[in-house]
2 protein chains.
Amino acid sequence: MAFEGKHVHAVIMAGGTGSSMLWPCSRKRNPKQFIDLFGEGTMIASAVSRVGERIPPEKTCVVTSLQGREMMERTLPGFPRENILVEPVARDTAPCIALATAFIKKRDPDAVTIILPADLLILDEEAFWKILEAGVGIAGDRKSIVTIGITPDRPEPAYGYIQTDRVRRADCLPPDSDISLYSVRAFAEKPDRTTAQEFLDSGDFYWNSGIFIWHLDVISRELERSMPDLHQDLQVIYDALGTEREREVLEDVYSWNHPVSIDSGVMERAENVCMLAGDFGWVDLGSWDEVVKMKGARTVPAGDPGVLVQIEAANNFVVKPQKKVVAVVGLDDIIVVDTQDALLVCRRGQAHNVRKVVDTLRREGFEDYL
Amino acid sequence: MAFEGKHVHAVIMAGGTGSSMLWPCSRKRNPKQFIDLFGEGTMIASAVSRVGERIPPEKTCVVTSLQGREMMERTLPGFPRENILVEPVARDTAPCIALATAFIKKRDPDAVTIILPADLLILDEEAFWKILEAGVGIAGDRKSIVTIGITPDRPEPAYGYIQTDRVRRADCLPPDSDISLYSVRAFAEKPDRTTAQEFLDSGDFYWNSGIFIWHLDVISRELERSMPDLHQDLQVIYDALGTEREREVLEDVYSWNHPVSIDSGVMERAENVCMLAGDFGWVDLGSWDEVVKMKGARTVPAGDPGVLVQIEAANNFVVKPQKKVVAVVGLDDIIVVDTQDALLVCRRGQAHNVRKVVDTLRREGFEDYL
């Protein structure tokens, strides 16, 4: 275990509400990190299992909702209950990180923390850990915030971007390392398509993976500088953690704090941010089109006694309930996602419009289906 | 009521097993005449209600399976139980007609009988009854078998055909009638596409509606001549009906008789067969494409709290369970038929291939889904 004996902790952020892009699987009450898209376990289970390969469970915490904790306790009974942190309401990533920081600080004030989104899909685990090891090494100097950028292969308007200064740094890394390290010049929120193309053409923009590595001292210092109110919350939470006031204090703090992302609240103003270029097969399952790209056209999960029948049909992607028969006739390149109470039939390449389905349902009052 | 006081009886043939063309709604254990495709009642309910407008229930019988009787008793409790005739097994139309003939003969030996398929869809009820009245008038002479032919508008290989002698007859009809009556030259089973085109081009071929009108004496005579074994069965059944031997005799007769259609068993050899051209909007819901043609693209049945959402999608036909949401994104001209345990997604114009879906399921052992 690479990080054994070191003060390395992991935070899995699983507080997000359902992504409307993966409707009807991902729902308001059943966010994508808790669904089993491929009959291979949930994303949160994959994340916990992936992290568990290098970091012991007692040094891993998950920040989630009350419902998320219930799902974890039901599906991952082996994970230490006390390391599941419950946010009373979701307030984006900055409050989530403040809570996790207070929790870890209480246990290990000298901790280097790896922040990971729960819905991370990684194709090359070896490369992933190699980058993370390098990041932990850099973050250990108590000076830098380490981010991971993904080399973009298309002008994607759905992601945030990290702009580097183009100068590949050789410091902080072993002399023979093939890892690319840059200083970060700026963070950019989701761009429009034209801007995304400009980012791609420039060569110095990377997709923001949402993974961060820092020493507790560093993130505390940056929070204090950029989000003093949230930093004060962190102190209040720190004092209350493990006492009988804990729940009350959390309820109180989350009743008035605002949803702010760590990118806009801290990163865009932070000093000494660097970026490791992470070429470990990062996949963001942001829409069904990306799921299909990732998984390819497929039939049914192993062990499902149901069946997919295709007659004069090919390249169709089907997600369906166990035991259900799905037949596609005379159609190619479609996505069929069938659940108990909602069915999506979508042309491949049109999955970005699934958001509009959810918008329509919300507008027309079909709350139960969101 | 046009036929009041006359010896006019109706037989509704509802013995067919599920049409694989309307899968997954029509199933082996839930044939199309017993399903409610449009939230407007089952076909058998429509048939009983249509016939009931002119013929009293005591002069109407339904020939069906044991399961069909159960469904009728559950959904049409007002229909006289004793007029539901149960065939132990389905043996196509000739045995079914022999059974009904024995039943009616027992009650009214002077009956003129109208034979109607249960899955009949009629757009112009007035015109329909006008043709049937003319047919009853002709059949009353105890000489002719009256058939109803539908003027074809396309070279349809899925139907049987009736060939006339092209000479419009003026006998047997009121002098001012605008109804067309022909002598029948031949019956033809489902043709291949080339032959169907020749039929259409010839101008003397009509689609066989499956509706027949005859006096009991006439069909008895024709059965005796062309199917002497079945005629003997008819006599045996006649003697047993209403006795305690009835069930046993039926079981016995149906254990050895063969499936034969009335067309091939009797009509092709019958004498003095005439045909009325029936232009009353006859629709055979033989496949989903025909259902769509009939119903047009539609959303959801009235009163369904579920919803159909279409984003960049049009002309889609959706059948779905109550309360389920269906969303179609980026697709036009598709047919979606969703049921509890099976889902069909089919391009319009390709519905004839639905049969292949059912064939595949049968071949692969998915009996429960047939």
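Hey, what number do you get for chain B at 222 nm if only DSSP H runs of n ≥ 4 count, each worth -39500 (n - 2.57), divided across all residues, to the nearest 500?
Here the helix-only value at 222 nm equals -9500 deg cm²/dmol.
Would you calculate the volume per residue, in Å³, of the smallest convex hull containing every Cα atom of the protein assembly as shown?
Numbers: hull volume 149.4 nm³, N = 740.
Residue-normalised Cα hull volume stands at 202 Å³.
Can you list residues from other chains, or at least 5 along the same chain, whose modelled amide H is less than 5 Å from the amide H of B:V318?
Result for B:V318 returns B:R298, B:V336.
Between B:L343 and residues 5 or more places away or on another chain, which pairs have amide H atoms under 5 Å apart, with H built 1.01 Å from N, and which residues are they?
A:V325, A:V326, A:A327
Placing a label point 7 Å from Cα toward Cβ, how far apart in nm is B:L123 from its equivalents in the other copies, listed shortest first to one decimal?
5.4
Just need log10 I(q)/I(0) for chain A at q = 0.10, 0.11, 0.14, 0.15 Å⁻¹, Debye formula, equal scatterers on the alpha-carbon atoms, no solvent, rounded to two decimals.
With no solvent term, the Cα-only Debye profile gives -0.67, -0.81, -1.27, -1.42.
Using Cβ counts within 10 Å as a stand-in for footprinting exposure, how do B:W129, B:W282 rank, fewest first?
Details: B:W129 17, B:W282 21.
Going from least to most buried by this count: B:W129, B:W282.
Ranked by Cβ crowding within 10 angstrom, fewest neighbours first, how are A:V253, B:V354 ordered? Don't jump to the answer; show the numbers that get you there.
On the way: A:V253 23, B:V354 27.
So the ranking, lowest neighbour count to highest, is A:V253, B:V354.
Please find, in a Gaussian network model of chain A (springs between Cα atoms separated by less than 10 Å), the residue of A:P228, A:P77, A:P117 whose mean-square fluctuation is greatest.
Result: A:P77 has the largest fluctuation of those listed.
Using a 10 Å cut-off around each Cβ of peptide B:346-354, what is the average number of partner chain Cβ atoms that fall inside? Write out the running numbers ahead of the final one.
Values: counts 8, 8, 1, 1, 6, 2, 2, 6, 4.
Per-residue shielding by partner chains comes out at 4.
With the dipole of chain A worked out from charges on the C-beta (+1 for Lys and Arg, -1 for Asp and Glu) around the Cα centre, which of A:F3, A:L344, A:G296 lies farthest toward the positive end?
Among A:F3, A:L344, A:G296, the one farthest towards the positive end of the dipole of chain A is A:L344.
Once both axes come from the Cα atoms, what is the angle between helix A:246-256 and the longest principal axis of chain A, in degrees from 0 to 90, rounded to 10?
With rounding to tens, the tilt is 80 degrees.
Can you sort A:H258, A:H9, A:H352, B:H215 by how many other beta carbons sit within 10 Å, fewest first?
On the way: A:H258 12, A:H9 26, A:H352 17, B:H215 23.
The fewest-first ordering by Cβ neighbours comes to A:H258, A:H352, B:H215, A:H9.
Summarise the partner chain shielding of B:319-327 as one whole number: the mean count of Cβ atoms from other chains within 10 Å of each residue's Cβ.
Details: counts 0, 1, 3, 0, 4, 8, 14, 7, 16.
Mean shielding count: 6.
Taking the label point 7 Å from Cα in the Cβ direction, how far apart in nm is B:K6 from each other copy of itself, listed shortest first?
Label-point separations across copies, in nm and ascending: 9.7.
Can you pull the one-decimal nm distance between simple spin-label points at B:T194 and B:E82, each 7 Å off the Cα toward Cβ?
About 5.7 nm, to one decimal.
Run the reach check for A:K320 against lysines, Cα to Cα strictly under 22 Å, same-chain hits fewer than 8 apart removed. What comes back?
Excluding near neighbours in sequence, the set is A:K28, A:K32, A:K293, A:K295, A:K356, B:K320, B:K323, B:K324, B:K356.
For the Cα atoms of chain B, what angle does the longest principal axis make with the long axis of helix B:228-240, in degrees from 0 to 90, nearest 10?
90
Remind me, relative contact order of the range B:290-369 in percent, using alpha carbon pairs under 8 angstrom and six or more residues apart? Show your work: numbers first, answer last.
Values: 109 pairs, mean separation 16.0, N = 80.
Computed value for the range B:290-369: 20 percent relative contact order.
At B:S202, with labels set 7 Å past Cα in the Cβ direction, how many nm apart are the copies from this one, shortest first?
Inter-copy label distances (nm, one decimal, shortest first): 7.7.
Averaged across the residues of A:355-365, what count of C-beta atoms belonging to other chains lies within 10 Å of each residue's C-beta? Please list the in-between numbers first.
Values: counts 2, 5, 8, 2, 2, 6, 4, 0, 0, 2, 1.
Mean partner shielding for this stretch: 3.
If the reach is capped at under 17 angstrom between alpha carbons, list the lysines near A:K130, excluding any in the same chain fewer than eight residues apart.
Of all the lysines, those that pass the test against A:K130 - Cα under 17 Å, at least 8 places apart if same chain - are A:K6.
Which of A:M267, A:M294, A:M13 ends up with the largest GNM mean-square fluctuation for chain A, with Cα atoms connected below 10 Å?
A:M294
Only the coordinates and a few stated rules stand behind these numbers; no lab work does. Everything numeric here is computed off the predicted structure, so don't read it as measured data. Cβ sites come from the backbone with ideal geometry, for glycine too, and all protein chains shown count toward neighbours.
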